[in-house]
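Worksheet: one structure, shown below.
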Amino acid sequence: MKKQMRTGIRIMIVSALLAASSICVYAAPAVMPDGQTFDAEYYAAANPDVTAAIGTDESALYDHYLNFGKAEGRLAYEGDTGSTAESSENTEETTEGDSGSAITVTDEFLQNAAATHSYYKYLTAEQAAEADAIAKGIAESILSNPDYDTDLEKVRAASQAVLSYTQKGTYGSDEAKQYRSPYGVFVSGVYTCAGTARATGRILDYMGYTWQHAHENQYQHQWCILTMDGQEGYADGMAGIAMYGDGESWGSGDTSIILTGDDALAIIQQLLGY
């Protein structure tokens, strides 16, 4: 009887010590829509200063990690090394243009681009993967085409590919906000200039180009700005064009037209004759 009591006491003591310890067991990390592994529970527990400021909502914590935490050296999940290096098996080589503007594309490069441009903010991981598969396929087709010698030719082909999808879709918005994403352009068939910019941009990502989003989140026409053949250029997927210059105006001289708001699509169609 005394032996049983001693055993019971030992079990109670061990249980109490475990309960009082600082060892935490976290849920399995989740794979976010942009492909990043992230554990909101771990991130919240490891960064009480963050939760004190913004709370424990998963999306808020993840936005903090992308915008601040990663640069500050905060870890996304338990066991995260914080390393930005990619193994050679996760490296995908691209074909360089004459100017060398295309670079080696890694998983990290693609994930960072997805976070920067908020491609899949309102979509699931499955929807993101579906759109990415299409963008990757288009990029590989362009890069493997020997007829495209320059960056301009390759980027123009990407823009024209996006245009071909918009011609099968509908211009406008939807409640799920797919219109603003590559998924809207490539899969669900709803788009705006914001969505075509991101769809074009996602192809550019897979081709190894770094780009900027002109007029992002503004009520103006939007497109991609990038370096092509050593000079500034732009790509507009809704128009299916790519040219050197900043893209701020169409035409030349006093006849240039600035594209803004809902008139953008009609103006493009008029200029291109379709």
Practice prompt. Go through 30-40, 169-179, 234-244 and give me the packing order, highest mean Cβ count within 10 Å leading.
Written response: 234-244, 30-40, 169-179
Practice prompt. First measure r as the distance between the Cβ atoms of SER59 and GLU216, then evaluate 1/(1 + (r/R0)^6) with R0 = 25 Å and state the FRET efficiency to the nearest 0.05.
Written response: 0.80
Fill in: FRET efficiency, 1/(1 + (r/R0)^6) with R0 35 Å, evaluated for ASN145 and GLU248 via beta carbons
0.70
Fill in: Cut-off under 5 Å, modelled amide H: who pairs with VAL105 long-range
GLU92, THR94
Worksheet item: How about the range 141-170: which trypsin sites (Lys or Arg not before Pro) there are in a DSSP loop, with at most 13 other Cβ atoms within 10 Å of their Cβ?
Response: LYS168
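Since every read-out is calculated from the coordinates, none of them should be taken as a lab result. This structure is a prediction, so every number in the text was calculated from the model and none was measured. Quick reminder, even Gly has a Cβ in these numbers, built from the backbone with ideal geometry, and neighbours come from all protein chains shown.
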